[in-house]
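Structure, as C-alpha cells:
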Amino acid sequence: MYHDKKQINKQFRIIIFIMIICCFLGCNARKKDFSQIEEEDRIIVGFSQIGAESAWRTCNTRSVQNAAADQGVQLVYDNAEQKQENQIKALRSFIAYQVDVIVFVPIVTDGWDNVLQEARDAGIPVLVTDRKIDVVDQSLYAGFIGTDSLKEGRNAGLFVLDKFENKLERSENTEEYINIVELFGTEGSSVALGRAEGFREVLNAHPNYRIIYSKSGDFLRSKGYELAVEFLDMYEDIDVIFSHNDGMTLGVIEAMEEKGLLPGTDIVIVTIDAQQAAIDALREGKVNCVIECNPKTGPEIIKLAQKLAAGEQIPRLQYVHEEVFYETDELSLIEPRGY
Ligand code: GYE
C-alpha cells in the first residue's frame, strides 16, 4: 500500500516536473536548477538564495551546494538576483514540485507570511538561514540557523570605544566628538538592522560618539565606493567608518586612496564578514578590526534539512561560531579564509 502511494506520488512529481519545465521553457524564466531528474528516495531540498552580491554570499552558496552533494541530498537551487519577488516565485515552484524541505535566505524580514502558509498547507517544512524573518505565526517555519548580527554590531561598537577612550580621556575639551560614518547593508534585512542596533546599543551610553552619516550601500562594493566619494566630500573630520560588510569596505578603501587618504590611519575602519581581502587589508593596516560572519553553514544546514525530512524537530534558533580579528592580534596565525 505504502509503495503504491509512493509510486503515485513519484508519478505526480514527474508530471509536475514536466509541467514546470514546459512553463519555464515557455516563459523563458530565469535559469532554475530543475535540470536533475529526481532519483529514487533522495531527499529533495529547495534552496532559495538571494543572489551573489558578495564574496560572503558566493561562499555561503558553495557551502550549501557542497554539503548537499556530500550527503547525497538533491538540491534544487534558485538565485533570486536580489529580488524578493523572485524568492517568492522560487518558493512556490518548490511547493509545486513537492520538495521535501525548503531552505531559504530571506533577503528582507517582511512579506513571507502568505508563501510560508502555502508551504505549510503543502506539508513542507521550512528552514530559514542567514537572515531572519518577521512573521505573525512563528510556527510557519521550523527554525533558524545563521549569524548573530546583534552581537556583530556590539563587537564593532566595543572596538570603537576601546580605540578612542584614551583619546577622549586625554582631551580637555568635553565637547570633543568621535565622528562616525556608517555604511548600512541591505535596507530591511535582519543582518543590517541587527548590526546597526548592536552598534548603537553600545555607543548610545557614550554621548561623545556620534553617527554623522548613515546610508545603505546594499552590501555592494560599487555602492560602498559611491557613498565614500560622497561622504569624503561632505566631511573633513571623520574618525571612524563602520561598514556592515567587507564588500562595501573595499569600495571605501579604493575611494580613500584615490583621494590620497590612508585607510586605517587617517580614518579607523571596522568591517564585518572577514573575507580574505579584509584580512589582507587588516595585515596591511588598511582596516583596524574585522568581525567574522561565518558563511560556511552548509553542513549544518543540510544536517537540519535531513532531520526535517525525517519528521524530526530542530532547534528554533542556532547561531554559528564567529570570531573578531583585531589589528593588535598575531595576524599571521589567521587561517586562509576560503572566500
Ligand atoms: O554580511 C554580506 C552579504 O546576510 C550575513 O549578506 C549576510 C550578509 C553579509 O551580502 O556580505
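The values are calculated or read from the model by the stated rules, or taken from the named source; none is laboratory data. What you see is a predicted model, and the numbers here were worked out from it, not measured in a lab. Methodologically, a virtual Cβ is constructed for each residue, glycine included, from the backbone with ideal geometry; neighbour enumeration extends over all protein chains shown. For accessibility, only protein heavy atoms count, side chains too; no ligands or nucleic acids. Shrake-Rupley method; radii C 1.70, N 1.55, O 1.52, S 1.80 Å.
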For this session: Check off (1) touching a residue at least 40 places away in the same chain (Cβ under 8 Å); (2) loosely packed, with under 14 Cβ neighbours inside 10 Å; (3) in the same structural domain as residue 156 (by TED's automatic domain parsing) for residue 336 and give me the number that stays unchecked.
Result: (3)
Exercise. In region 60-110, what residues are free of Cβ contacts under 8 Å to residues at least 12 places away in the same chain and closer than 12 Å to residue 298 by Cα?
Worked result: 69
Seminar exercise, completed: Within region 217-233, residues open to solvent by less than 40 Å² (accessible area, probe 1.4 Å) and free of Cβ contacts under 8 Å to residues at least 60 places away in the same chain come out as 217, 224, 227, 228, 231, 232
Problem set entry | Residue match in region 197-216 (condition: surrounded by fewer than 23 Cβ atoms within 10 Å (Cβ to Cβ) and within 13 Å of the ligand (Cβ to nearest atom)) | yes
Exercise. Residue check, residue 304 against (1) touching a residue at least 60 places away in the same chain (Cβ under 8 Å); (2) open to solvent by 20 Å² or more (accessible area, probe 1.4 Å), all met but one. Which one?
Worked result: (2)
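Here's a check for you: in region 183-195, which residue that is out of contact with any helix residue (DSSP H, G or I) (no Cβ under 6 Å at 6 or more places or on another chain) and open to solvent by less than 60 Å² (accessible area, probe 1.4 Å) is nearest to residue 155 (Cα to Cα)?
The first filter runs over region 183-195 and keeps only residues out of contact with any helix residue (DSSP H, G or I) (no Cβ under 6 Å at 6 or more places or on another chain), leaving 187-190, 192-193.
If we keep only those that are open to solvent by less than 60 Å² (accessible area, probe 1.4 Å) as well, we get 188-190, 192.
Numbers: 188: 21, 189: 19, 190: 17, 192: 14 Å.
For region 183-195, the residue satisfying everything is 192.
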Problem set entry | Residue list for region 59-74, filter: in contact with a helix residue (DSSP H, G or I) (Cβ under 8 Å, 6 or more places away or on another chain) and of a type in the set (S, T, N, Q) | 60, 63, 65, 66, 71, 74
For this session: Please list, ordered by first then second residue, the pairs with beta carbon atoms under 7 Å, 6 or more apart or interchain, first in region 238-258 and within 19 Å of residue 195 (Cα to Cα) and in a helix (DSSP H, G or I), second within 13 Å of the ligand (Cβ to nearest atom) and aromatic (Phe, Trp, Tyr).
Result: 247/219; 248/219
For this session: Output the residue which, of all residues in region 262-291 that are surrounded by fewer than 22 Cβ atoms within 10 Å (Cβ to Cβ) and of a type in the set (Asp, Glu), is nearest to the ligand (Cβ to nearest atom).
Result: 280
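Please tell me if residue 158 is outside the structural domain of residue 106 (by TED's automatic domain parsing), open to solvent by 20 Å² or more (accessible area, probe 1.4 Å) and over 23 Å from residue 60 (Cα atoms).
Criteria met by residue 158.
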Exercise. Within region 113-131, can you find the residues that are open to solvent by 30 Å² or more (accessible area, probe 1.4 Å) and among the aliphatic types (A, V, I, L, M)?
Worked result: 122
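I'd like to check which helices (runs of 4 or more DSSP H) are fully inside region 111-220 and have at least 3 residues that are under 17 Å from the mean Cα position of the chain (by Cα).
149-170, 190-203
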